[in-house]
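First up is the structure itself, then whatever we jot down about it.
The values are calculated or read from the model by the stated rules, or taken from the named source; none is laboratory data. What you see is a predicted model; the values in this text were computed from it and never measured. Here the Cβ is made from the backbone with ideal geometry for all residues, glycine too, and neighbour counts use every protein chain on show.
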Amino acid sequence: MARTSTHDLTQEARAAAARNAGLEFASIYNEWFHEVERWIRALGAPDADREDLAQEVFIVVRRKMNTFDGRNLAGWLYAITRLTVKDHGRRAWMRHLFKRRAPMPEDAASPADTPAVALERQEERRLLHQILSRMNPARRETFALFELSGYSGEEIAALQEIPLNTVWTRLHYARKEFMTAVEALRQRERGKDGR
Amino acid sequence: MTPDLTPGPMVRLLDTVDPTDLEHRATSLLASMPDEMPSELRKRRVREALIARPQRRSWGPALLRPAAVITMLTSSVAIAGATVGRGFVSRAYESVREIFEPGEAPKVVASRPKHVVRVRPEIEPMVASAPQRHADVPRATERRPLRHTIAAPPLAPAPVVRDEEEAALVMSAMRALRQERDAERAARLLDRYLAAHPEGALVEEALALDLEASLARHDDGRAQVFARQYLRRFPDGRFLSLARRTLQSTSARLQ
């Protein structure tokens, strides 16, 4: 547990430290590791980097334990995860710039899939990734948490520390954006099929 | 009263009952993302990695990064500046070289003193015997000798231009040759100089210019004479290659 010096803390920080006193890094890790992994996935990080990203998130958590105000642990962890994934995306972009290779979503085909099914699934994932990457970032985040990770509106509001109505508004516009992109995709597919 | 336009709670696309064609397509895309079961093995691996990692953040690399960037930027600017500066200097150098030594790479020579104090012979003994001003007045602070003095390389004794006429003649000849393109006049002036000052300080330059003037007049015989004379008098001179080149080319033509 990180050591907290109290003699130079403000009154508010003292209160936060008092609330935080019961929190142990190990218990946070045990309780929230899988959630953090889900968030990382919903935030669009590649599967291959998920483990590294989870590690980075918990390194930050361990380092910043003494600054946590103890109010909304899920929201605090989510904010760290979001920033970590964002940083990682920026670094990946730089790597992509120098390596001239587009970051692609991994093939998560089940071993039970036939090659044709696996290929089709991979293509669908690629299209989904493409559509999501073109969406407004804030809306995409909310949309992915709701549609892909199955969080409720209330849970998303708590995680993102925004009002519930904002969640619904974001979801409304995100879905509109998503459906427009899917419609465009359908048009392209019809064009290819010659229909 | 304004109606509340905030969108209300929604149902997940995957849970939509009786979806339209478009919703069906959207659902199939979303379903391509498989549900993933939490992995205890991954959790253990990350925990072990975290335990192995030191808790305190090392600021070294973080601080070194901007330092490295600044160093790189400074070096790039310095290299670019040096390259550009070198370009300017070489252009200026070339132009100077063209004026003074066409077709001849100049050599570094010992610099001549800028001002030469000429003492008339009739007052020379008086100057030598005159007492130095304030020689007997003690200095308030004694001048300390320099601790680290670097011995200057010995310079060759600078030839002294004894008469302004010497320099004026050679300069006029050079102007006539280079600027006015009047090789005849230049040759006349140089001949006059060489006759008046056979041991003058500018004999080397005068011979080289005379050689050049002869070449400009296509007088190969005269050019050869001057080239030979130059090589005899200045076997290590600054215009050695010009003299040799002239000798070779004119010999070939004269044969």
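Quick notes on this structure:
- Helices (runs of 4 or more DSSP H) wholly inside segment B:1-119 that include at least 2 residues being at pLDDT below 60: B:59-100
- Of the criteria (1) touching a helix residue (DSSP H, G or I) at 6+ places or on another chain (Cβ under 8 Å); (2) at the interface with chain B (Cβ under 10 Å from one of its Cβ atoms); (3) of a type in the set (S, T, N, Q), which one residue A:136 fails: (2)
- Residue check for residue B:226: under 19 Å from residue B:176 (Cα atoms) and out of contact with any strand residue (DSSP E or B) (no Cβ under 7 Å at 6 or more places or on another chain): yes
- Qualifying residues in segment A:114-138 (those that are among the small types (Gly, Ala, Ser) and within 18 Å of residue A:45 (Cβ to Cβ)) - the one modelled with the highest pLDDT: A:138
- Filtered by the rule that a residue be among the hydrophobic types (A, V, I, L, M, F, W, C), touching a helix residue (DSSP H, G or I) at 6+ places or on another chain (Cβ under 9 Å) and in contact (Cβ under 8 Å) with a residue 24 or more places away in the chain, segment A:44-73 gives A:45, A:53, A:57, A:58, A:60, A:61, A:65, A:68, A:73.
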